[in-house]
Amino acid sequence: MGLVTTENAYVLHSRPYRETSQLLTVFSSEYGKLGLVARGSRSKNSKLRGILQPFVPLRLEFRAGDGLQNLYQAEALEMSIPLFKERLYSALYLNELLYYLLDERSEYQAVFTSYQNTLFELAGQGTIAPQLRKFELILFSELGYAVAPPAEWFVEKDPRWFSYDIETGFYPLQYPTKTQQCFSQQQLYSLANFDAEHPQELELVKRFCRLLSSQLLAGRTLKSRELFTSRKKESK
């Protein structure tokens with residue numbers, strides 16, 4: 001297969017490979033999530049050593065094929081996006097979601113656009129939570145999971161409580177318990193008409209996205225959440 005170029009990509013994850021190489025997982029605008037071998041990129045004289053890092057916009061050239069693909073060229077399009085403390089942990093959270101939840105070599109243009117926009121928003125001075133919630137909703141929707149019930153659910157008042165399952169979507173609870181994550185009809189309506197400016201809706205969407213992500217991740221612990229927890233303990 002010939003050489004392929006992606007004009008916009010980010011490193012999601014890297015690990016050492018053999019003595020001087022790396023195995024990369026990257027997210028690109030054209031090809032989605034890809035596994036690449038960056039041969040010699042850990043050697044002292046490698047030009048790639050300093051740029052194959054998370055949050056650096058990259059132009060990549062690699063040889064397409066089955067399995068891992070060889071990276072031939074990498075060029076930093078800009079300096080690394082400046083992220084610190086909670087904003088860095090938030091960006092790492094985005095990377096972990098993409099790393100674990102995206103299928104390889106499937107195009108996710110809407111997710112990529114949202115990811116890149118969210119990184120730049122996190123580098124600014126705005127509030128973190130609205131950016132994370134908007135990204136999560138776009139990601140889950142693009143993965144094929146309904147983030148709001150159909151409009152006909154709101155035609156008549158319904159006193160029941162509802163929960164969510166990744167296989168069946170929203171479903172009514174016959175006997176809701178205190179340990180279950182459940183939502184009223186009004187809360188479902190708020191999910192369907194999410195307004196990031198309302199603190200109560202932000203908390204609601206956070207609760208829903210945590211429920212959905214915990215099922216999709218199948219109990220896997222995210223390193224970014226551990227960092228958040230550790231940071232909170234240190235600040236007390």
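The values are calculated or read from the model by the stated rules, or taken from the named source; none is laboratory data. No experiment lies behind these values; they were computed from the predicted model shown. Cβ coordinates were reconstructed from backbone atoms using ideal geometry, including for glycine residues, and neighbour counts include every protein chain displayed.
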Task: Complete set of residues in segment 1-30 that are aliphatic (A, V, I, L, M) and not in a loop (DSSP other than H, G, I, E, B) - done: LEU3, VAL4, ALA9, VAL11, LEU12, LEU23, LEU24, VAL26
- [ ] Answer yes or no as to whether SER190 is at pLDDT below 95 and of a type in the set (Ser, Thr, Tyr).
- [x] yes
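For a quick check of your reading: which helices (runs of 4 or more DSSP H) sit entirely within segment 139-236 and have at least 3 residues that are touching a residue at least 60 places away in the same chain (Cβ under 8 Å)?
On the way: elements: 185-192, 199-216, 223-235.
Per the criteria, 199-216, 223-235.
Could you check how many residues of segment 110-138 are part of a helix (DSSP H, G or I), of a type in the set (Ser, Thr, Tyr) and either free of Cβ contacts under 8 Å to residues at least 24 places away in the same chain or more than 23 Å from HIS198 (Cα to Cα) (or both)? Before you say what the answer is, go through the steps one by one.
From segment 110-138, those part of a helix (DSSP H, G or I) are 110-122, 128-138; that's our starting set.
The next check asks that each one be of a type in the set (Ser, Thr, Tyr); those that pass are 113-115, 118.
This time we only want the ones that are either free of Cβ contacts under 8 Å to residues at least 24 places away in the same chain or more than 23 Å from HIS198 (Cα to Cα) (or both), so: 113.
Qualifying residue count, segment 110-138: 1.
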Open item on the list: Please go through (1) touching a helix residue (DSSP H, G or I) at 6+ places or on another chain (Cβ under 7 Å); (2) not aromatic (Phe, Trp, Tyr); (3) not assigned by the TED database to the domain that holds LEU137 for ALA64 and return the number of the only condition it doesn't satisfy.
Closed with: (1)
Open item on the list: Taking the criterion of being outside the structural domain of LEU122 (by the TED database), in contact (Cβ under 8 Å) with a residue 12 or more places away in the chain and at positive phi, would at least one residue in segment 3-23 satisfy it?
Closed with: no
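Consider LEU119 carefully, then state whether it is crowded, with 20+ Cβ neighbours inside 10 Å, modelled with pLDDT of 95 or more and either of a type in the set (Ser, Thr, Tyr) or within 22 Å of VAL4 (Cβ to Cβ) (or both). Working first, answer last.
Values: crowded, with 20+ Cβ neighbours inside 10 Å: yes; modelled with pLDDT of 95 or more: yes; either of a type in the set (Ser, Thr, Tyr) or within 22 Å of VAL4 (Cβ to Cβ) (or both): no.
So LEU119 fails the test.
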